[in-house]
Amino acid sequence: MKKLTNFILSVRMYLTALISDSEKTFYDTFSDHYDLLFGEEQERTANALIRFLAGSGLKDLKILELGCGTGIVSNKLSCIASSLIGLDLSEKMLSHALARNRYNSNCRFIAGDFFSMPKLNENFDLVCAVGVLPHIPISKFEKWISDCKALLNPGGIIVLAISPLPWRLFLGRKSPKELSQLDILILMIYNLLAGFLRVDAKIWHVKEIFIRSAIENNGLLFESKDEDGTLMIRASLPDTSANKTPIVKN
C-alpha cells in the first residue's frame, strides 16, 4: 500500500513538473505533498548526516543549509548548531520548514537561489547541501563549490549528501557510486517526465571522480563515505585535515 501511495504521488509530482514553468513554481505547487513522498527518506538522510558529522566531533556550529526544503534536515542539524540558516528557492517549502522548526530558536530561514546567494554578511563552520545536486548544472558545479568555500570560516567544511536515486529508493535499493546502463536509461526518462531537462545536463549521480576533481580544483581536501546508502562528501580547507583538531567549541 505504501509503495502504491508513493507511486501515485510520484505521478502527481511529474504531472506538476510538466505544467510548471520553473523549479520554483514546481516546488511551490508540490510543497504540500513533498513530505509524504520524500519525508521518510529525508529523515533517514538527516540521521545519516548527523552520524557522519558526529565522527568528526563537531558541535556548536554556525551552519548554512542550502536547499533546506521543508526543514527536516534543519531540524536534525539544530541540535549541533549554535545558529542555522536554511536557504531555499520556494517560499512555500520554507513555510513548512518554519512550522517544523518553530521551537528551534537557533534556526532561521531565507528565500533565495543558491546560485546567487543573498548577502548573508557572515561566514559558517558548516555549509551543507542534502539532495541538491540534481539542481546543479554540471558546468556550474566547480564554481558553486568555490562560492560555498568563500562562505567558510577558518577550519570550516562543506558536506554534500547524495541520496539514493529516486527509483532505487522506490525499490528499496542503495545508490551505487557508478551508474548501470539501466540507471542511465531510467535517468533519461525520469528527467524528461519531470520536465527538468535542460541544454546543460544536471548532476543526478555522476562518477565520484568528477565531484572530487571539482573540490580539489578549489584547493579543498576531499573525503567520501557511504553512510547507510547515502554518499557523504566532505570538502575541507587544508588546515582541517584528519591530523588536526576538528571544530569543537566550548
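Select from segment 87-132 the residues that are farther than 16 Å from L64 by Cα and surrounded by 15 or more Cβ atoms within 10 Å (Cβ to Cβ) and list them in ascending order.
S90, K92, M93, S95, H96, R100
Tell me yes or no: at least one residue of segment 70-81 is loosely packed, with under 15 Cβ neighbours inside 10 Å and touching a Lys or Arg at 6+ places or on another chain (Cβ under 7 Å).
For segment 70-81, residues loosely packed, with under 15 Cβ neighbours inside 10 Å and touching a Lys or Arg at 6+ places or on another chain (Cβ under 7 Å): absent.
F115 - would you say it is touching a residue at least 24 places away in the same chain (Cβ under 8 Å), closer than 18 Å to E223 by Cβ and aromatic (F, W, Y)?
no
I85 passes all but one of (1) modelled with pLDDT of 95 or more; (2) assigned to a helix (DSSP H, G or I); which number fails?
So the condition that I85 fails would be (2).
Here's a check for you: in segment 88-107, which residue that is of a type in the set (K, R) and outside any loop (DSSP other than H, G, I, E, B) is modelled with the highest pLDDT? Spell out how you get there, then give the answer.
Let us first name the residues in segment 88-107 that are of a type in the set (K, R), namely 92, 100, 102.
Checking the rest, the ones that are also outside any loop (DSSP other than H, G, I, E, B) come to 92, 100.
Numbers: K92: 93, R100: 96.
Among those that are of a type in the set (K, R) and outside any loop (DSSP other than H, G, I, E, B), it is R100.
Restricting attention to segment 101-108, does a residue exist that is basic (K, R), out of contact with any strand residue (DSSP E or B) (no Cβ under 8 Å at 6 or more places or on another chain) and closer than 26 Å to F141 by Cα?
No: segment 101-108 contains no residue that is basic (K, R), out of contact with any strand residue (DSSP E or B) (no Cβ under 8 Å at 6 or more places or on another chain) and closer than 26 Å to F141 by Cα.
Considering each of T25, T16, T29 in turn, give the residue that is in contact with a helix residue (DSSP H, G or I) (Cβ under 7 Å, 6 or more places away or on another chain), at pLDDT 75 or above and over 30 Å from C79 (Cβ atoms). Give the steps one after another, and end with the answer.
Details: T25 fails: in contact with a helix residue (DSSP H, G or I) (Cβ under 7 Å, 6 or more places away or on another chain); T16 fails: at pLDDT 75 or above.
Sole residue among the options that is in contact with a helix residue (DSSP H, G or I) (Cβ under 7 Å, 6 or more places away or on another chain), at pLDDT 75 or above and over 30 Å from C79 (Cβ atoms): T29.
Each row is one residue, and each column tells you yes or no for (1) at pLDDT 80 or above; (2) of a type in the set (S, T, N, Q); (3) closer than 25 Å to L84 by Cα; (4) touching a strand residue (DSSP E or B) at 6+ places or on another chain (Cβ under 6 Å).
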residue: C148; (1), (2), (3), (4): yes, no, yes, yes
residue: L165; (1), (2), (3), (4): no, no, no, no
residue: M188; (1), (2), (3), (4): no, no, no, no
residue: L192; (1), (2), (3), (4): no, no, no, no
residue: V199; (1), (2), (3), (4): no, no, no, no
residue: N217; (1), (2), (3), (4): yes, yes, no, no
residue: L231; (1), (2), (3), (4): yes, no, yes, yes
residue: A235; (1), (2), (3), (4): yes, no, yes, yes
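Quick one: is K76 basic (K, R), assigned to a helix (DSSP H, G or I) and either within 13 Å of the chain's Cα centre (by Cα) or over 26 Å from L231 (Cβ atoms) (or both)?
Numbers: basic (K, R): yes; assigned to a helix (DSSP H, G or I): yes; either within 13 Å of the chain's Cα centre (by Cα) or over 26 Å from L231 (Cβ atoms) (or both): no.
No.
Quick one: in segment 51-73, which of the residues that are part of a helix (DSSP H, G or I) and modelled with pLDDT of 95 or more is farthest from the chain's Cα centre (by Cα)? Please lay out each step first, then the result.
Our first condition is that a residue be part of a helix (DSSP H, G or I); within segment 51-73, this holds for 51-54, 72-73.
Checking the rest, the ones that are also modelled with pLDDT of 95 or more come to 72-73.
Working: I72: 11, V73: 9 Å.
Going through the qualifying residues, I end up with I72.
Restricting attention to segment 41-59, report how many residues are surrounded by 15 or more Cβ atoms within 10 Å (Cβ to Cβ) and more than 13 Å from C79 (Cβ to Cβ).
Adding up the residues that qualify gives 8.
State which residue pairs qualify: first residue among the charged types (D, E, K, R) and inside segment 47-69, second residue surrounded by fewer than 22 Cβ atoms within 10 Å (Cβ to Cβ) and part of a loop (DSSP other than H, G, I, E, B) in any location, beta carbons under 7 Å apart, and separation of 6 or more residues or different chains.
Short answer, once both residue conditions are applied: K59/K249; D60/K249.
May I ask you to list pairs of residues, at least six apart or on different chains, whose Cβ atoms are under 9 Å apart, with the first in segment 134-160 being free of Cβ contacts under 8 Å to residues at least 24 places away in the same chain and the second being in a loop (DSSP other than H, G, I, E, B)?
The qualifying pairs are K143/F115; A150/N123.
The values are calculated or read from the model by the stated rules, or taken from the named source; none is laboratory data. Note that this is a predicted model, so its numbers are computed, not measured. Cβ atoms come from the backbone with ideal geometry, glycine included; neighbour counts cover every protein chain shown.
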